[in-house]
Amino acid sequence: MLVTPTTAPLSRETLAAIASTLPADLRVLSKLSELLKDPNSELDELAALLRRDVALSAHIVRISNSASYGGGRSISSIEEAVNLVGFGEILKLVGTATAGRMSEAALQCYDISAQLLRDNMLYAAFAAEALARPAGIDPRIAYNAGLLRGVGLMVLDRAGRRDAATAPLYSTTRWPDFRTWELSIFGVASTEVTGMLLGDWGFSEEISGAVRAHYLTQPADLEQPLAVLLNVANGLAQHVCRSFRGEEAWWQITPEKLQAVGLTEDDFGPAVVATEEAFDAANAALAG
């Protein structure tokens, strides 16, 4: 479905400037993913990378002391946290900390609470990771895509709130979905914003392209397995009420989508169990 913008798009420079005010350096996640793909990487390299964002590293240390990660041990440094979880779990630890930092405030223009924002980030990430395994997609790539797919929502929300008195608010009674509203108000869709920023921050074209296409508005989008996987993962999030009202039209799980990504209905049971377990552990860590 094509939707024509009804206002001049926000410039790339404006969007990048707003994105620079987000409460986490997402380049860290990109660099971390690159290190994790290199079999020669050392744990001290991971620790040195994570120390670059002081606030994020402090958040990582705090949640690493939770029962979910630390098992009651006292962790006082990023080096200890990295050595505690090792290569296998470090991306989840950092991703959970990132979700915690980026969901500290509601998205007022979208009428999305801070809690729902966090729930969607985490659930979509864990669902994408769990579904990636039977689909033959790299689970780390799927996890990052699921976690960060909503960055554009955060940026456009901040753009809308620059003038608090005239902040444009999304309304389900006036707009059928977020994308139609975004194109009318900002001249650009949040999925495009996210794809652009992820590319700028060093994430792969596979991730940025999948995020751009994961609403599956065009037939060609079904040819991108990661985009379809993100769509199905958010379908699972919708099933447990962890999705956004302005996106619900996109998330119907159909046989066509399953075939496009190489999944069957039998894959959902184990994926849901793994998603719920990881989601509960992450929420417990953030609460602690």
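Values quoted throughout were computed directly from the atomic coordinates according to the rules given, and no laboratory measurement underlies them. Computed from a predicted structure; not experimentally measured. Here the Cβ positions follow ideal geometry from the backbone for every residue, glycine too, while neighbour counts run over all protein chains shown.
Summary table
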{"item": "Burial order of peptide ranges 76-83, 17-24, 89-96, 227-234 (average beta-carbon count within 10 Å, highest first)", "result": "227-234, 89-96, 76-83, 17-24"}
{"item": "Within the range 55-129, chymotrypsin sites (Phe, Trp or Tyr not before Pro) in DSSP loop having at most 10 other beta-carbon neighbours inside 10 Å", "result": "none"}
{"item": "Cα-centre dipole for the chain with unit charges at Cβ (Lys and Arg positive, Asp and Glu negative), debye to 20", "result": "720"}
{"item": "Between 0 and 90°, nearest 10: helix 190-200 axis offset from the chain longest Cα axis", "result": "50"}
{"item": "Rounded tilt (10° steps) of 151-160 against the dominant C-alpha axis of the chain", "result": "60"}
{"item": "Sorted peptide list for 58-64, 266-272, criterion being average Cβ within 10 angstrom, highest first", "result": "58-64, 266-272"}
{"item": "Cα convex hull volume per residue for the range 136-258 (Å³)", "result": "117"}
{"item": "Dmax and Rg, reported as Rg then Dmax, of the range 52-155 (C-alpha, Å)", "result": "14.5, 41"}
{"item": "Peptides ranked, highest mean first, by Cβ atoms within 10 Å: ranges 211-224, 191-204", "result": "191-204, 211-224"}
{"item": "Value of D in µm² per second that Stokes-Einstein yields for the chain, Kirkwood Rh from Cα pairs, at 10 °C (1.306 mPa s)", "result": "83"}
{"item": "Whichever lysines have a C-alpha closer than 22 Å to that of residue 92, once near sequence neighbours (fewer than 8 apart) are set aside", "result": "31, 37"}
{"item": "Cα centroid separation, the range 246-264 to the range 60-90 (Å)", "result": "36"}
{"item": "Within-12-Å neighbourhood charge of residue 14 [Cβ basis; K, R +1; D, E -1]", "result": "+2"}
{"item": "Helix-derived mean residue ellipticity, 222 nm - over the chain, DSSP H n ≥ 4, -39500 (n - 2.57), to 500", "result": "-19000 deg cm²/dmol"}
